[in-house]
Every structure is written in C-alpha cells, then in structure tokens.
Amino acid sequence: MSPLIIGAGPAGLTAALKLVERGVTPRIVEASAHVGGLARTTGEGDWRVDPGGHRFFTKSEEVLDLWKSLLPPDQWISVQRSSAMLVDGRFVRYPLVGRDLLTELGFRRGARGISSLLWARMLDGMRFDNYSESFREWGVREFGPYWYSMFFDNYVRKTWLADPDDITSDWANQRIRPINCRLRKQPDPADQDAFLYPRLGPGQLWDAAAARLAERGVVPSFNSRVVTAGFDGTSWTIGLHNGEVLTADAIFSTMPLRLLINALEPEPPQRIRAMAAALKHRSLITVSVALGTHLEMPFNWVYTPSKDLRVGRIQNYGRWSTQLHPENWNGTYLGFEYYVEPNGELWTASD
C-alpha cells in the first residue's frame with residue numbers, strides 16, 4: 001500500500017512532491033477534472049482568468065525554493081501591489097492613508113472621520129476591562145465608527161458572508177492594516193509591497209507541479225470524489241462516488257473538513273458531527289470582462305464596500321500580467337468576484 005492524497009490543489013500537489021522526494025510514491029484523487037483547485041488558471045485561448053488574485057508571497061525560504069524549482073526565472077514576474085476601496089465613485093487607496101481620506105473624500109467627510117476616530121480612541125483609553133473583541137468592536141476602535149462603517153462593515157458581510165459581531169479581532173489583525181496617519185507625502189512601505197506572479201497565472205505553477213509528478217509516475221485520478229473514508233486501525237479504505245474502493249496506509253486530506261467528517265466510517269461522535277455541520281464554506285464566482293476601452297485604473301484589486309454593489313472585489317488583470325490577455329491588446333481586462341453561499345441564489349443562476 002501507499003499513501004493517498006485527497007485533492008490535487010496546491011496543498012495536495014506539494015504534499016505529493018515532498019513524498020516523492022523521500023522515495024514514497026503516493027496516489028492522488030481529485031474531485032474535479034483539473035489540478036490547481038481555486039489556484040488554477042481558467043479561460044479560453046489567449047484569455048486567462050485568475051479566480052482569486054493569487055499573490056505568491058512567503059516568508060518561508062523552503063516554500064519559496066519549492067516555487068522557484070518548478071518554474072524557470074523567466075516565467076516569474078515581480079508585481080507591485082496596489083489596492084483601493086471604491087467609495088461613492090472615488091478610489092481611496094488601501095491600506096488606508098490619512099492624507100487620502102482627506103483629499104479623496106473631501107474635507108467635511110475627512111473631518112467627520114477624524115473626530116469619530118478620536119472619540120473612539122478616547123473611549124478606548126477609558127476602558128479597563130480586558131475581553132475578547134469582535135471584528136466590529138475592533139474596527140470601531142481602530143478606525144472610528146464613521147470610517148469603520150464606510151469601509152469595512154458591509155465589506156465583511158459581503159465577502160466573508162458573516163456578521164462582524166461573529167468574527168474575532170484576531171481574524172481582523174491578520175488581514176487589515178491600521179490607518180497610516182502621515183499627512184505629508186513620504187515613501188509608504190505599502191508602496192514597496194511586491195510579490196511574485198507566474199506569467200500565465202497561478203495555474204502555470206501547479207500545472208508544472210503536476211508535470212513534475214507525472215515524470216515520477218504520479219498522475220492524479222480526476223473526477224474521483226471521495227464519499228467514504230474508513231480506518232480499521234492499520235489501514236484506510238476510501239470509497240469513491242463511482243463505486244471504486246481504494247486502500248492506503250495513510251491519507252492526506254485537503255477536501256473541505258465538513259465533507260471529510262461526514263465521510264468518516266465509523267461515524268464520529270455526535271458533538272464532532274455537529275461542530276462540522278456548523279462550519280461554513282463560501283463559494284466564489286469570478287466573471288471576467290474584456291472592455292475594448294483602455295481605462296486608467298492603477299490597482300491590482302479594487303474592494304467594493306458599498307451596499308449598492310453586489311460584487312465583492314474587482315481584479316485588474318492587466319496589472320497582474322499582460323499575458324493574461326492576447327498580445328498587443330490595449331483594452332481593460334477585469335475580473336468581478338462574487339462571494340456566495342453554496343447552492344445560494346447566485347450559485348444556482350444560469351450563465
């Protein structure tokens with residue numbers, strides 16, 4: 001027997017590469033017809049779509065070495081990160097900069113935001129208790145209620161499909177930067193934020209990983225969805241949706257945790273199944289749009305916190321790589337990201 005890897009996305013392919021390096025030949029089963037998971041590059045012809053805007057940035061030398069071992073140097077480009085919030089038809093740079101909040105939103109709204117922030121900080125200084133904050137409480141304290149409501153409250157509801165009161169401040173600290181309060185024009189560390197990106201999109205890297213594995217005789221079994229996973233104390237028995245049964249001495253699973261718990265045999269205790277059932281998995285629909293007109297939009301991402309816009313985020317593919325669209329094309333290539341509940345209204349809508 002050999003190990004079985006469930007899923008041929010970045011985690012599953014990386015696990016397989018590491019096992020092969022150690023002389024172990026795993027088997028990979030993948031529910032879809034492709035490698036790469038959400039990080040694959042889709043599209044038609046010379047039009048390529050990155051469903052998620054995948055930055056390749058890590059502080060781990062081991063991970064960086066793995067990426068660079070799969071693609072030659074000329075297939076990597078360095079991309080300068082540039083993001084903005086779209087508020088009332090105006091682009092406000094993100095992470096937020098105090099100077100921009102005054103110039104882009106107008107003095108009156110800027111003054112209101114500053115007074116709201118100072119009031120929140122004063123109240124925070126009067127608080128002596130130490131308790132676990134929610135995202136909303138953290139956001140109001142960090143940005144003031146006016147700017148929190150303008151930039152973050154509805155954005156979190158729209159993109160993470162969660163109430164800000166149900167998310168912890170730890171989650172916020174990992175994802176949202178504080179306001180840069182420098183009012184004078186100075187070099188901003190955020191302006192130096194660059195990351196690597198494969199010329200043909202993120203899927204280029206994972207296609208290369210799959211090709212490397214194929215050279216060693218490891219080829220994923222596609223359209224192979226796992227429905228049962230039983231352990232007898234020494235080995236695993238995996239049942240696929242087509243009736244095929246596989247055995248393995250170990251499994252490495254990257255399938256959604258809720259589905260894995262439901263597949264286990266014997267059935268886990270009720271409290272474990274209840275915890276798994278409470279887990280939520282959001283779905284993502286990316287709609288790519290090619291405009292013949294060239295628009296000046298110097299951002300990789302544009303976040304859309306407004307309640308009037310259903311789209312959660314807009315990608316500007318031309319800022320990622322010019323090879324995501326046909327050569328010598330001079331229009332504007334955008335990706336509109338919609339975050340939806342599985343089997344929700346938008347998920348089940350027709351094309």
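The values are calculated or read from the model by the stated rules, or taken from the named source; none is laboratory data. All values reported here derive from a predicted model rather than from experimental measurement. Every residue, glycine among them, receives a Cβ derived from its backbone with ideal geometry; neighbour counts consider all protein chains shown. Heads up: the accessible areas ignore ligands, DNA and RNA and are worked out on the full protein's heavy atoms, side chains in. Shrake-Rupley method; radii C 1.70, N 1.55, O 1.52, S 1.80 Å.
Over the C-alpha atoms of the chain, the Rg to Rh ratio, Rh being the Kirkwood estimate, stands at 1.00.
Taking the inverse of the mean 1/r over every pair of distinct Cα atoms in the range 22-146 gives a Kirkwood hydrodynamic radius of 20.0 Å.
Calculated mean residue ellipticity, 222 nm, the chain: -9000 deg cm²/dmol, from DSSP H runs (n ≥ 4) at -39500 (n - 2.57) each, averaged per residue and rounded to 500.
For the range 3-67, a/c is not less than 1.5, where a ≥ b ≥ c are the root eigenvalues of the C-alpha gyration tensor, and a/b does not top b/c. That puts it in the oblate class.
Taking every full run of DSSP H in the chain, the ones that stretch at least 24 Å from end to end by Cα along their long axis and average -0.5 or higher on the Kyte-Doolittle scale are 107-125. Full extension of the chain between Leu64 and Arg271 gives 70.6 nm of extra length, using 0.36 nm per residue less the Cα-Cα distance.
Here is the list for the range 1-70: trypsin sites (Lys or Arg not before Pro) lying in DSSP coil, each with at most 13 other C-beta atoms within 10 angstrom of its C-beta, are Arg22, Lys59. Simple spin-label estimate for Asp163 and Ala214 gives 5.0 nm between the two label positions (7 Å along the Cα-to-Cβ direction from each Cα).
Annotation: lysines with alpha-carbon distance below 20 angstrom to Lys280 (same-chain offsets under eight excluded): Lys158.
Would you list, by chain and number, the aspartates and glutamates whose Cα falls below 17 Å from the Cα of Lys59, excluding same-chain residues fewer than 8 positions away? Filter leaves Asp193. With a 1.4 Å probe and all protein chains left in place, how much of the accessible area of the chain comes from carbon and sulfur atoms, in whole percent? Percent of accessible area from carbon and sulfur atoms in the chain: 53.
Solvent-accessible area per residue in the chain equals 55 Å², computed with a 1.4 angstrom probe and all protein chains kept. Sites listed here are chymotrypsin sites (Phe, Trp or Tyr not before Pro) in the range 27-134 whose DSSP assignment is loop and whose Cβ has at most 11 other Cβ atoms within 10 Å: Phe128, Tyr131.
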